[in-house]
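A.B. asks: Next up is a structure, given as structure tokens.
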Amino acid sequence: MLKEKPHYFEHRERLRRHYQQGGCDVLRDYEILELVLFYAIPRREVKEIAKQLLKKFGSLRGVLEAPSAELQSIKGISRNSTILIKLIRDIIPLYLKERTNEKPQVSCTTELLDYWRARLGALREEHIYAIYLNAKNMVLGVETLGEGTVTGVLIQPRRVIEGALKQGAAAFILVHNHPSGVVTPSADDIEITKKLLKVGKALDISLHDHIIISRDQHFSFREYGIL
């Protein structure tokens, strides 16, 4: 006698078909989460779990950015489910990084902003990076300059310039995040930018831009005429 299929089997197959035919655009947010959870929770109904995740964290983005401990506070979310959700979140910056690196030249492009927003936008502490470029604006390397508290991170201009000289860079871009969500530069941001601009000019190394990132916005010193 054939074993009867679980009641949710047809629902899962229907969602898979819808996704294959139309992608995420044809699915509701909780259905997208259901699809993800199918692969971590193979033998139970997950629709209510998906809806509870959205209710607690507010959006798909909120779910992806939620701390692991908070995800597991939802009944039915196991360690495996949490790992899968966090893995999807961590793959996004890697994908965007490869897209950025495929570009022959780097400037304040959409790809560059998307990558750094995905990498830094959800962090709760400030991080700052230098992107070193050659004369054709191709990336030579990326250096972490500092990681700090929510209120700021201290960097030394000499370290940035030494990194540029070590890479043989003709130019560089600074990128850092504001965990508060407010991308307006602080007095310290402006001061360090002006110092780096001055020192860089003396050594014929250009500061192309200083970009401040938040979850939803960015501020470009070049776009606002500060550089």
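A.B. asks: What strands (runs of 3 or more DSSP E) lie completely within the range 118-213 and have 3 or more residues being touching a strand residue (DSSP E or B) at 6+ places or on another chain (Cβ under 6 Å) and crowded, with 21+ Cβ neighbours inside 10 Å?
C.D. replies: On the way: elements: 127-133, 139-147, 171-177, 206-213.
Where strands (runs of 3 or more DSSP E) fall fully within the range 118-213 and carry at least 3 residues being touching a strand residue (DSSP E or B) at 6+ places or on another chain (Cβ under 6 Å) and crowded, with 21+ Cβ neighbours inside 10 Å, they are 127-133, 171-177, 206-213.
A.B. asks: Name the pairs whose Cβ atoms lie under 7 Å apart, with the first residue in the range 53-66 and in contact (Cβ under 8 Å) with a residue 24 or more places away in the chain and under 17 Å from Asp216 (Cβ atoms), the second among the β-branched types (Val, Ile, Thr) and part of a helix (DSSP H, G or I), and 6 or more positions between them or separate chains?
C.D. replies: That search, which allows pairs on different chains as well, returns Leu60/Ile32; Val63/Ile85; Leu64/Ile85; Leu64/Ile88.
A.B. asks: For residues that are within 24 Å of the chain's Cα centre (by Cα) and either among the polar types (S, T, N, Q) or over 14 Å from Ile131 (Cβ atoms) (or both), tally how many sit in the range 193-211.
C.D. replies: So in the range 193-211, the residues within 24 Å of the chain's Cα centre (by Cα) come out as 193, 207-211.
Subsequent filtering for residues that are either among the polar types (S, T, N, Q) or over 14 Å from Ile131 (Cβ atoms) (or both) retains 193.
Going through the range 193-211 one residue at a time, the tally reaches 1.
Here is a yes/no grid of residues against (1) more than 19 Å from His127 (Cα to Cα); (2) outside the structural domain of Tyr115 (by TED's automatic domain parsing); (3) of a type in the set (A, V, I, L, M, F, W, C); (4) touching a His at 6+ places or on another chain (Cβ under 6 Å):
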{"position": "Pro157", "(1), (2), (3), (4)": "no, no, no, no"}
{"position": "Ile161", "(1), (2), (3), (4)": "no, no, yes, no"}
{"position": "Val182", "(1), (2), (3), (4)": "no, no, yes, no"}
{"position": "Glu191", "(1), (2), (3), (4)": "no, no, no, no"}
{"position": "Lys198", "(1), (2), (3), (4)": "yes, no, no, no"}
{"position": "Ile205", "(1), (2), (3), (4)": "yes, no, yes, no"}
{"position": "Ile226", "(1), (2), (3), (4)": "yes, yes, yes, no"}
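A.B. asks: Looking only at helices (runs of 4 or more DSSP H) that lie completely in the range 19-85, which have at least 1 residues being in the same structural domain as Gly121 (by TED's automatic domain parsing)?
C.D. replies: Working: elements: 29-38, 47-57, 60-65, 68-71.
So the answer is none; nothing clears 1.
A.B. asks: Oh, and also: Which residue is surrounded by the most Cβ atoms within 10 Å (Cβ to Cβ), if the candidates are limited to the range 34-52 and must be within 13 Å of Ile83 (Cβ to Cβ) and not small (Gly, Ala, Ser)? Before you say what the answer is, go through the steps one by one.
C.D. replies: Just the residues of the range 34-52 that are within 13 Å of Ile83 (Cβ to Cβ), to begin with: 36-37, 39-41.
From what's left, not small (Gly, Ala, Ser): 36-37, 39, 41.
Working: Val36: 20, Leu37: 23, Tyr39: 10, Ile41: 18.
The extreme case among them is Leu37.
A.B. asks: Moving to a separate point now. Tell me, please, whether a residue that is more than 22 Å from the chain's Cα centre (by Cα), among the acidic types (Asp, Glu) and surrounded by 16 or more Cβ atoms within 10 Å (Cβ to Cβ) can be found in the range 53-67.
C.D. replies: Initial filter on the range 53-67 (more than 22 Å from the chain's Cα centre (by Cα)): 55.
Then drop every residue that is not among the acidic types (Asp, Glu), which leaves none.
The answer is no, given that none of the residues of the range 53-67 is more than 22 Å from the chain's Cα centre (by Cα), among the acidic types (Asp, Glu) and surrounded by 16 or more Cβ atoms within 10 Å (Cβ to Cβ).
The values are calculated or read from the model by the stated rules, or taken from the named source; none is laboratory data. Just so you know, these numbers come straight off a predicted model, no measurement behind them. When we count neighbours, we look across all protein chains shown, and the Cβ atoms used for this are built from the backbone with ideal geometry, even at glycine.
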